[in-house]
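Written out below as structure tokens is the structure these notes cover.
The values are calculated or read from the model by the stated rules, or taken from the named source; none is laboratory data. This one's a predicted model, so the numbers in the text were calculated from it and none came from an experiment. Virtual Cβ from ideal backbone geometry, glycine too; neighbours counted across all protein chains shown.
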Amino acid sequence: ANDKPFREDVHLLVEGLTRLGVTTLVTAERGDTKLEAHAHERFVFDTIFSLTRTEVRRRVHRTLSVVKSRGQDFISGSHSMRIEAGAGILVYRRAQSRPKVDEDQPTSSERVSVGCAALDLIMDGGLYEGSITMVTGISGTGKTVLGVQFLTSAVLAGRRALLVTLDEHPRQLIRNAASLGFDLEAMVRQGSLFIHYESPLELEVDVHFDRVTKLVEQKGIDCVVFDSVAVYEMASPEQASDFLYALANFVKGRLATAFFNYESPELLGVSQISEELKGSHLVDNIILLSYVEISTRLRRAIAVPKVRGSKNIQTTREYVIGAGGISLLDESVVEGDEATPVPQLPFSSYYGLLARSPSRKSPVIEDAVAHGKALPDSPELPPETAS
């Protein structure tokens, strides 16, 4: 019940070992990992590590925190810890902590092609080297295709590329890319493209960050695609935003050009990038991919609302996915053997990408309401609507 004799005994023991010049490691089992739990140790020992073990979604997650380290600086917070065969204990620094950098962040005026000439034109000449682009859209709109298109173009320009895939296994991704004319396997063999895959079910963001950053540094990566960053939100909701901050800082620090692919939950239209992730302010460019329903046909639409430091063309365009990846269409034709003009509602008159935003309507409807006109193929507007 009286802890004083215990504290004195520990103090005498440590003093005796110190006089002998012995570096000592002492372990103690604690049910409480808070600072109060180290009431004796924090006055006697020079360094205190706190180890915790929690279960997250039926997975065991171990962390290490430095509670105290006398006479030296240390990175506070919880760091991931793993016990691995043949290696013992490995500690992965928390992703959001970065070493201090004395020099300014590097910048470049050189442009990097997206891989689609029409999209480069919309983005005022392509992407700035070292910029980050968020490509958002629901599954099937071509986020991965555009990422592969971008990396293929980078490799052809003599750059080294990395595809971090969290949604698809590399073999499936290589097969699907081949159907569009992209030979990823050949680029991997020649050492110009690297594919890193981790299962989202077993993902630990600190470990993942360590693996990706080492790969980028060791292989001299210039262009990288993360497909998809929504997995980070799923794997670790409380750490996802900090993780993306760290990832963005690392990529920009190396002047690497990156794609952050993000799967939007909205099928028709986009009202916000993400409710939880809040990552759009981290990126330099945003490309929106979406489905637009006109008559009985689903068509794909692309818009570029943000290109930092550039005069981008803010026009919604229709695109198709085929050999060579994504290509933009002229509004007067549809894809086909002869690309024959067809009578249809002009694509530019339907703002489907922002259809879920409460304040947005088709300009055809807005004009009709403002002037009391009838909508196309509809009866006259009632007087109260016209006013």
Of the numbered conditions (1) more than 22 Å from THR315 (Cα to Cα); (2) over 21 Å from the mean Cα position of the chain (by Cα), CYS116 fails exactly one; give the number of that condition.
(1)
For the range 54-76, enumerate the residues that are within 24 Å of the chain's Cα centre (by Cα) and surrounded by fewer than 16 Cβ atoms within 10 Å (Cβ to Cβ).
VAL56, ARG57, ARG59
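Of the residues ALA248, ALA323, which single one is closer than 27 Å to LEU173 by Cα, surrounded by fewer than 19 Cβ atoms within 10 Å (Cβ to Cβ) and either modelled with pLDDT under 90 or touching a strand residue (DSSP E or B) at 6+ places or on another chain (Cβ under 7 Å) (or both)? Please lay out each step first, then the result.
Values: ALA323 fails: either modelled with pLDDT under 90 or touching a strand residue (DSSP E or B) at 6+ places or on another chain (Cβ under 7 Å) (or both).
Checking each option against the conditions leaves just ALA248.
Against the definition (at negative phi and at pLDDT below 75), how does LEU35 come out, yes or no? Let's see the steps before the verdict.
Values: at negative phi: yes; at pLDDT below 75: yes.
So LEU35 fits the description; yes.
If we scan the range 125-140, do we find a residue that is assigned by TED's automatic domain parsing to the domain that holds PHE226, assigned to a helix (DSSP H, G or I) and either basic (Lys, Arg) or touching a strand residue (DSSP E or B) at 6+ places or on another chain (Cβ under 6 Å) (or both)?
First pass over the range 125-140, keeping only residues assigned by TED's automatic domain parsing to the domain that holds PHE226: 125-140.
So of that shortlist, the ones also assigned to a helix (DSSP H, G or I) come out as none.
No, every residue in the range 125-140 fails to be assigned by TED's automatic domain parsing to the domain that holds PHE226, assigned to a helix (DSSP H, G or I) and either basic (Lys, Arg) or touching a strand residue (DSSP E or B) at 6+ places or on another chain (Cβ under 6 Å) (or both).
May I ask you to verify whether ASP183 is surrounded by fewer than 20 Cβ atoms within 10 Å (Cβ to Cβ) and either under 30 Å from VAL292 (Cα atoms) or outside the structural domain of VAL60 (by TED's automatic domain parsing) (or both)? Before the answer, list the steps.
Working: surrounded by fewer than 20 Cβ atoms within 10 Å (Cβ to Cβ): yes; either under 30 Å from VAL292 (Cα atoms) or outside the structural domain of VAL60 (by TED's automatic domain parsing) (or both): yes.
So ASP183 fits the description; yes.
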In the range 121-161, what residues are touching a residue at least 24 places away in the same chain (Cβ under 8 Å), more than 10 Å from ILE287 (Cβ to Cβ), hydrophobic (A, V, I, L, M, F, W, C) and surrounded by fewer than 24 Cβ atoms within 10 Å (Cβ to Cβ)?
LEU121, ILE138, VAL145, VAL155, ALA157
Out of the residues in the range 69-96 meeting the condition of being part of a strand (DSSP E or B) and touching a His at 6+ places or on another chain (Cβ under 8 Å), tell me which one is nearest to LEU25 (Cα to Cα).
VAL91
Within the range 178-202, count every residue that is farther than 30 Å from ARG58 by Cα, of a type outside the set (Gly, Ala, Ser), in a loop (DSSP other than H, G, I, E, B) and in contact (Cβ under 8 Å) with a residue 12 or more places away in the chain.
2
Check the range 165-183 and report whether any residue there is at pLDDT below 95 and in contact with a helix residue (DSSP H, G or I) (Cβ under 6 Å, 6 or more places away or on another chain).
yes
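Just to be sure I understand, how many residues within the range 231-242 are buried (at least 24 other Cβ atoms within 10 Å of the Cβ) and not β-branched (Val, Ile, Thr)? I'd like the intermediate steps shown before the answer.
Of the residues in the range 231-242, the ones buried (at least 24 other Cβ atoms within 10 Å of the Cβ) are 231-232.
Filter again for not β-branched (Val, Ile, Thr), leaving 232.
Residues that pass the stated criteria total 1.
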